[in-house]
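K.L.:
Starting off with a structure, shown below.
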Amino acid sequence: MAAAAPLNPLRWLGWPMLLCLLGTVVMGIPLRVYGLQLPEPVFALVPAFAWAVIRPSVLPPFVLLGLGFLLDLFWGGPIGLWPACLLAAYAPVLIFRNVLAGQSYVAMWVWYAAACALAFVTGFYMMTLDSGVMPSLLAVAGQFVVTAALFPFAHRLIERYEDADVRFR
Amino acid sequence: MVALVVAVVFALAVIMGDRRETMRADAYDKTRATVDRVVTPVGGVLSAPFGWMRGGADAIGAYFMAGSQNSRLRQELIAAGKWRDEAIALREENGRMRTLLGVKTDPPIPMVFARTVTDSRGPFANTRLANAGSDRGVKQGNPVLGEHGLVGRIVGVGPTASRILLLTDVESRTPVLTPRTNARAILIGDGGPNPKLAYVRTHDPLQEGDRVLTSGDGGVFPRGLPVGVVVKGFDGSWRVALDSDAGPIDYVQIMLFKDFSQLVDAAALAPKGLPAAMPVQTSSSILGAPPSAAKPGAAGAADKPPTKPQAAATPQTVTVTMPAPPAARPKPAAPKPKPKPKPKPPAAAAAPPPSTPEVTPPY
């Protein structure tokens, strides 16, 4: 395990946020090969999970808020949807972060998938209320699966900064 | 934790105020337009290599498949020749019929070609960003076509970019019909690849394979744009396999469509005040003119909520009278004339004492 990096907000918040935006823009390219399109994972759920595990802080909720607004603007969805979904994933992880400490890689992946599921359930109900139509469960499940597959990135972010501030161990 | 609560409250407040799907141009705020303007060149640069790769792959495929493609095109040409002869005959017949009937057809609809630079395909938002905006005449609500059929409509216009709401988006509603039975329905997107047909009118009007076209109801889309083919969904509901899925997604045509059946002046629909109540010529009335009735503009006062007893000059006050108790105070007149059997109008104060006869309106 590499030595933990110091908790500079630009490094543990800024760079992951920029990488998420870059990944979102790249996966938003209109490309279809033999009728199949690129998947559209929600990269922002990776830091939403990792930031809550690394340490409690004032900044991450507001960074997630901004990140969610940018996602809504980029994807053309209703403004405020993804901020609420990202915070719905962040909040329970923050509350149960003591339970998550020391869990195995697989167990953490399950927790990450549960946090993602909570975000998608929030989005599902918010869109149902907003538009009066239930979004397709198959479409929701498809995006959930590709997002849940991103856990290795979350694990790497946690490993990099988890021990940076021993007060929150 | 406080920061979290504040952020959640802020996010919920913003989503409740969002109006993405409305047809009002002002609902597409400046923030969205600015982000679209910034993202358009970035998306264009990122997607350009994939466009070149696709063009190269098409060229290579065409080179190696030239023989089979040639024979297939010959067969299509023979079939198309038959259709062409029929189309010429029908066009001529149509022209004669129109001349006989004096029908005036809509003018041809101009089109704008655009390239889509981003494509969101999630369950909660299905939109694309096209690199043509108000600088090329694109307006809110313009229909967007792909190579084979309808793609969606414009929901946001910036100076150099416009946002397309796809038929598959959760907030998309498109009035459609099937030409076989002329059954109308609303095509509702749900974030999946096959939008749902809802509110299907008439009994059992659909079957798999039916063509679906826009019905033109509501005036957003012109009638007859190809949408897709009816299929049965996993959940047993009628859905549509979209024609636009068959073609490439990086080029679209935006129809600069105007609905000529709608009012040109939207201000004509703005709510106006109620018309003034019909004044009664009190000078010719058998009751004679009450002291305040002869003032000019008294009839127009019926539009406003009366606040002072001088509104007693309104017509209904003279249509019906009844004996009033000596201590009765004048009350404001009602805004609409209603011949009630025993009203208590303010004119009662100005009316003569109990011996006054009841007067009915002339109708």
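K.L.:
Can you find a residue that is under 12 Å from the mean Cα position of the chain (by Cα) and under 19 Å from B:Pro193 (Cα atoms) anywhere in segment A:130-142?
P.N.:
no
K.L.:
Going by what's in this entry, would B:Asp58 be described as of a type in the set (Asp, Glu) and closer than 21 Å to B:Tyr251 by Cβ? Spell out how you get there, then give the answer.
P.N.:
Working: of a type in the set (Asp, Glu): yes; closer than 21 Å to B:Tyr251 by Cβ: yes.
For B:Asp58, the condition - of a type in the set (Asp, Glu) and closer than 21 Å to B:Tyr251 by Cβ - is met.
K.L.:
Hey, among A:Ala52, A:Ala91, which residue is surrounded by 23 or more Cβ atoms within 10 Å (Cβ to Cβ) and within 12 Å of chain B (Cβ to nearest Cβ)?
P.N.:
Every option except A:Ala52 fails the conditions.
K.L.:
Another question about this same structure. Of these, A:Ala107, A:Ala114, A:Ala119, which one is more than 9 Å from chain B (Cβ to nearest Cβ) and touching a residue at least 24 places away in the same chain (Cβ under 8 Å)?
P.N.:
A:Ala119 is the lone residue from the list that is more than 9 Å from chain B (Cβ to nearest Cβ) and touching a residue at least 24 places away in the same chain (Cβ under 8 Å).
K.L.:
Can A:Ala107 be described as touching a helix residue (DSSP H, G or I) at 6+ places or on another chain (Cβ under 9 Å), surrounded by fewer than 22 Cβ atoms within 10 Å (Cβ to Cβ) and not acidic (Asp, Glu)?
P.N.:
It is true that A:Ala107 is touching a helix residue (DSSP H, G or I) at 6+ places or on another chain (Cβ under 9 Å), surrounded by fewer than 22 Cβ atoms within 10 Å (Cβ to Cβ) and not acidic (Asp, Glu).
K.L.:
Right, something else. Quick one: B:Val264 ticks every box in (1) modelled with pLDDT under 85; (2) surrounded by 10 or more Cβ atoms within 10 Å (Cβ to Cβ); (3) aliphatic (A, V, I, L, M) except a single one, so which number is it?
P.N.:
Only one criterion is unmet by B:Val264, namely (2).
K.L.:
Can you tell me which residues in segment A:58-83 are at the interface with chain B (Cβ under 7 Å from one of its Cβ atoms), small (Gly, Ala, Ser) and surrounded by fewer than 24 Cβ atoms within 10 Å (Cβ to Cβ)?
P.N.:
Correct list: A:Gly80 only.
K.L.:
I would also like to ask the following. Condition (residue is among the small types (Gly, Ala, Ser), in contact (Cβ under 8 Å) with a residue 40 or more places away in the chain and touching a Pro at 6+ places or on another chain (Cβ under 6 Å)) applied to segment B:98-115: is it met by at least one residue?
P.N.:
Scanning segment B:98-115 turns up no residue that is among the small types (Gly, Ala, Ser), in contact (Cβ under 8 Å) with a residue 40 or more places away in the chain and touching a Pro at 6+ places or on another chain (Cβ under 6 Å).
K.L.:
Out of all the residues in segment B:95-118, which are surrounded by 10 or more Cβ atoms within 10 Å (Cβ to Cβ), more than 14 Å from every other protein chain (Cβ to nearest Cβ), of a type outside the set (Phe, Trp, Tyr) and within 24 Å of B:Pro143 (Cβ to Cβ)?
P.N.:
B:Asp106, B:Ile109, B:Pro110, B:Met111, B:Val112
K.L.:
With respect to the numbered conditions (1) touching a helix residue (DSSP H, G or I) at 6+ places or on another chain (Cβ under 9 Å); (2) within 14 Å of chain A (Cβ to nearest Cβ), which one is the sole condition not fulfilled by B:Ile154?
P.N.:
All conditions are met except number (1).
K.L.:
Which condition does B:Val170 not pass, out of (1) in contact with a Leu (Cβ under 8 Å, 6 or more places away or on another chain); (2) crowded, with 24+ Cβ neighbours inside 10 Å, if it passes all the others?
P.N.:
Of the numbered conditions (1) in contact with a Leu (Cβ under 8 Å, 6 or more places away or on another chain); (2) crowded, with 24+ Cβ neighbours inside 10 Å, the odd one out for B:Val170 is (1).
K.L.:
Can you confirm whether A:Ala141 is small (Gly, Ala, Ser), assigned to a helix (DSSP H, G or I) and surrounded by 15 or more Cβ atoms within 10 Å (Cβ to Cβ)?
P.N.:
Judged against the criteria, A:Ala141 is not a match.
K.L.:
Which of the residues spanning segment B:36-76 are in contact with a Leu (Cβ under 9 Å, 6 or more places away or on another chain) and of a type in the set (Lys, Arg)?
P.N.:
Result: B:Arg54, single match.
K.L.:
If B:Asp210 satisfies all but one of (1) over 17 Å from the mean Cα position of the chain (by Cα); (2) touching a residue at least 60 places away in the same chain (Cβ under 8 Å); (3) more than 11 Å from chain A (Cβ to nearest Cβ), what's the number of the condition it fails?
P.N.:
(2)
K.L.:
May I ask you to list the residues in segment B:120-135 that are at the interface with chain A (Cβ under 7 Å from one of its Cβ atoms), more than 20 Å from B:Thr34 (Cβ to Cβ) and not aromatic (Phe, Trp, Tyr)?
P.N.:
Matches in segment B:120-135: B:Arg121, B:Gly122, B:Pro123.
The values are calculated or read from the model by the stated rules, or taken from the named source; none is laboratory data. As the structure is a prediction and not an experimental result, all values here were calculated from the model. Cβ sites come from the backbone with ideal geometry, for glycine too, and all protein chains shown count toward neighbours.
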